[in-house]
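Asker: Below you'll find the structure I mean.
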Amino acid sequence: MSQGSPDGLFTLGVPAERYRLPHPRLGLPVILLVRRVVLRAFEMLRERGYSLAAEKEDGITAALRGIIENDLRQSGSVKGFDHRTYETVIRQGQTESYDLTRLTKAPDLCFKLRSGEEEPRPVLSTHDALFVECKPVDKSHAAGGKYCDDGLCRFVEGDYAWAMEEGLMLGYVRHGRTIAKHLVPSMKEPGRWVRLKTAELPRPVEHPGAVAAGDTEALHVSRHRRGFLWVDEKGPATDIAIYHLWHRCD
């Protein structure tokens, strides 16, 4: 049966033989679709007079989620993203860490595809999604601080997306911060390199749908090892690819 936390207070709720780790990859088409959805939500915020420059992290995330869930998912105006293909987009929904010892982890956004398969998929449904962590990057929030040490590390350490092989970091960027000039040097710092278990530094995704657009940098991806063992004797966690979506919020 499914292993629980060391004190036995919580389990995954499903026999080990009914799920596999890692879950099947979401794939680049899903990542690019979510990117298009997020960029359209930013456009709509600006069209409606929302002040990105004056708002804090939680306010921007809540506003984005409101448009994504209440408008875009309902209207289907971004092709491929609607109520038939995606479940409700969740903001700060609580989830459990890989070892089930931390039960109140709360990724900023969660995009969960609907399965059209008749047979149940061999996955942990509560952990089968694209998890998104949102962080400001500006004069007051260094790329190596809040973004890496309080955001990206959560994917590496198994707080979020531990059953998956992809995750997304969304940067709310001000004051000219860029991935090449600010994030990459921060990730190269020896202590952070070790903590993030970096296997590949962020590099641009080579796809027409990933190029820079307006206030948004080209989509980048980095790869990280994960140094923990999955529960239920599923073996060592595989590497995780983290996509970096940086949008100017000046």
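The values are calculated or read from the model by the stated rules, or taken from the named source; none is laboratory data. None of the values given here were measured: they were computed from a predicted structure. Glycine also receives a Cβ, built like all others from the backbone with ideal geometry; neighbour counts cover every protein chain displayed. What goes into the accessible areas is simple: the full protein's heavy atoms, side chains included, and nothing from ligands, DNA or RNA. Shrake-Rupley method; radii C 1.70, N 1.55, O 1.52, S 1.80 Å.
Asker: Looking at Asp250, Asp239, which one is open to solvent by 20 Å² or more (accessible area, probe 1.4 Å) and modelled with pLDDT of 95 or more?
Answerer: Details: Asp250 fails: modelled with pLDDT of 95 or more.
The match here is Asp239.
Asker: Could you tell me which of the residues Arg177, Arg203 is in contact with a strand residue (DSSP E or B) (Cβ under 8 Å, 6 or more places away or on another chain), under 20 Å from Leu28 (Cα atoms) and either part of a loop (DSSP other than H, G, I, E, B) or open to solvent by 30 Å² or more (accessible area, probe 1.4 Å) (or both)? Before the answer, list the steps.
Answerer: Working: Arg177 fails: under 20 Å from Leu28 (Cα atoms).
None of the others qualify; the one that does is Arg203.
Asker: Can I ask one more? Determine if the stretch 140-161 includes at least one residue that is under 17 Å from Phe111 (Cα atoms), open to solvent by less than 60 Å² (accessible area, probe 1.4 Å), in contact with a helix residue (DSSP H, G or I) (Cβ under 7 Å, 6 or more places away or on another chain) and assigned to a loop (DSSP other than H, G, I, E, B).
Answerer: The answer is yes; a qualifying residue exists.
Asker: Taking into account only those residues within the stretch 106-130 that are within 13 Å of the chain's Cα centre (by Cα) and open to solvent by 10 Å² or more (accessible area, probe 1.4 Å), which is modelled with the lowest pLDDT? Break it down into steps so the answer makes sense when it comes.
Answerer: Taking the stretch 106-130 and keeping what is within 13 Å of the chain's Cα centre (by Cα), we get 106-112, 127-130.
Still in the running and open to solvent by 10 Å² or more (accessible area, probe 1.4 Å): 106, 110, 112, 128.
Working: Ala106: 84, Cys110: 97, Lys112: 96, Asp128: 95.
The extreme case among them is Ala106.
Asker: Next question. For the structure I just gave you, tell me whether Gly171 is in contact (Cβ under 8 Å) with a residue 24 or more places away in the chain, under 20 Å from Ala212 (Cβ atoms) and within 12 Å of the chain's Cα centre (by Cα). Break it down stepwise before answering.
Answerer: On the way: in contact (Cβ under 8 Å) with a residue 24 or more places away in the chain: yes; under 20 Å from Ala212 (Cβ atoms): yes; within 12 Å of the chain's Cα centre (by Cα): yes.
Yes, satisfied.
Asker: Does the stretch 107-124 contain at least one residue that is part of a strand (DSSP E or B) and of a type in the set (Val, Ile, Thr)? I'd like the intermediate steps shown before the answer.
Answerer: At the first step, the residues of the stretch 107-124 found to be part of a strand (DSSP E or B) are 109-111, 113.
So of that shortlist, the ones also of a type in the set (Val, Ile, Thr) come out as none.
The answer is no; no qualifying residue exists.
Asker: Kindly list, by first and then second residue, each pair from a residue in the stretch 1-29 that is within 19 Å of Thr238 (Cα to Cα) and in a loop (DSSP other than H, G, I, E, B) to a residue that is modelled with pLDDT of 85 or more and β-branched (Val, Ile, Thr), limited to pairs with Cβ atoms under 6 Å and residues at least 6 apart or on different chains.
Answerer: From the stretch 1-29, the pairs are Tyr19/Val123; Pro22/Thr238; His23/Val123.
Asker: Return the pairs, sorted by first residue and then second, in which the second residue is charged (D, E, K, R) and at pLDDT 95 or above, the first residue lies in the stretch 74-92 and is farther than 13 Å from Phe111 by Cα, the beta carbons are less than 7 Å apart, and the residues are 6+ apart or on different chains.
Answerer: Correct list of pairs: Gly76/Asp82; Val78/Arg36; Val78/Arg40.
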